[in-house]
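> I have a structure I would like to understand better, so I am pasting it below and will then ask my questions one at a time.
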């Protein structure tokens, strides 16, 4: 059996998987691969899948499967998995880091100090305490964010049409209710036809003036041009994102917009999470091998 590691995983993973067969990161060997491991970079299109004639399994190390043509894979009898449960802590901590950095003006404080500027009077901070955090989506990652936000004394509300009750957040009856009530919004929805472009000009207009938004979910939930306009007008006080239409972003109107805090899609890239992902990948392959016997 040949296992192709197409994207970046923990350095220890090839050694852990060697007991199952040949392990390679040489993309030119896709045609001979039985199992392909991807994260976000590799797009498993129909053409990509068809290039691997003997492909039996695709495992995505991460949350969601929107970079895999699931219908085409299913039609060819290819098993598709992800490792959604592994990434919750890493992404939740990234969301909280971004959420804290904005009102505390961490980047501005750091940069002015490096420039020799003592901006003690100019830099004004605000607190998360007693602010309302609205979660778009109420799954694993959102739940971990909710726990942490509650520990900061935030009121946590959430909207998810597929979740009725939540252990931490108060569920709202509609998206509009959440938008109107939130001081902070954190995005944790999958990318579907329903959520694509969900946060555009009309939705932003329903938000509080001065709202701050964190996106560690999916970039295309937000219409970037509309977000830029809202940042320029001051209706949105800050937008912090770790996710982009493409990695790296090409021609994004947000990269030079005011009050944007940016990260290069590193939410799931903690040392600990990559090890957790590797453990799940190993278990999935082990189960597959046992079932074939």
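> For the chain, take the longest principal axis of its alpha carbons; what is the angle in degrees between that and the long axis of helix 224-233, to the nearest 10 within 0 to 90?
20
> Given the DSSP H assignment, sum -39500 (n - 2.57) over each helix run of at least 4 residues in the chain and divide by its residue total; what's the result at 222 nm in deg cm²/dmol, nearest 500?
-9500 deg cm²/dmol
> Roughly how many Å is it from the Cα centre of segment 1-29 to that of segment 148-167, as a whole number?
Segment 1-29 and segment 148-167 have Cα centres spaced 39 Å from each other.
> Still on this structure: Please figure out what share of the DSSP beta bridges in segment 88-262 is antiparallel and state it in percent, rounded to the nearest 5.
Once the DSSP bridges in segment 88-262 are tallied, antiparallel ones form about 0 percent.
> Here's something else I'd like to know. Computed from the coordinates I sent, Rg and Dmax of the Cα atoms in Å equals one of (1) 20.8, 70; (2) 29.6, 99; (3) 24.1, 79. Tell me the label.
Recomputing Rg and Dmax of the Cα atoms in Å here gives the entry labelled (1).
> What is the spin-label model distance, in nm, from residue 70 to residue 173 if the labels are put 7 Å beyond Cα along the C-beta direction?
Using points 7 Å along Cα→Cβ, the separation is 3.1 nm.
> Looking at the chain as a GNM with Cα springs under 10 Å, which of 15, 200, 139 has the largest mean-square fluctuation?
Result: 15 has the largest fluctuation of those listed.
> Tell me, how many Å apart are the Cα centres for segment 112-137 and for segment 214-290?
21
> What ranking do 115-128, 228-241, 160-173 get when scored by the average of other Cβ atoms within 10 Å per residue, highest first?
Output ranking for 115-128, 228-241, 160-173: 228-241, 160-173, 115-128.
> What is the spin-label model distance, in nm, from residue 51 to residue 206 if the labels are put 7 Å beyond Cα along the C-beta direction?
So the two model labels end up 4.2 nm from each other.
Readers should treat all values here as calculations from the given coordinates under stated rules, not as data from a laboratory. Only a predicted model underlies this, so the values are computations on that prediction, with no experimental measurement involved. A quick note on method: Cβ atoms are made from the backbone with ideal geometry, for glycine too, and the neighbour counts reach across all protein chains shown.
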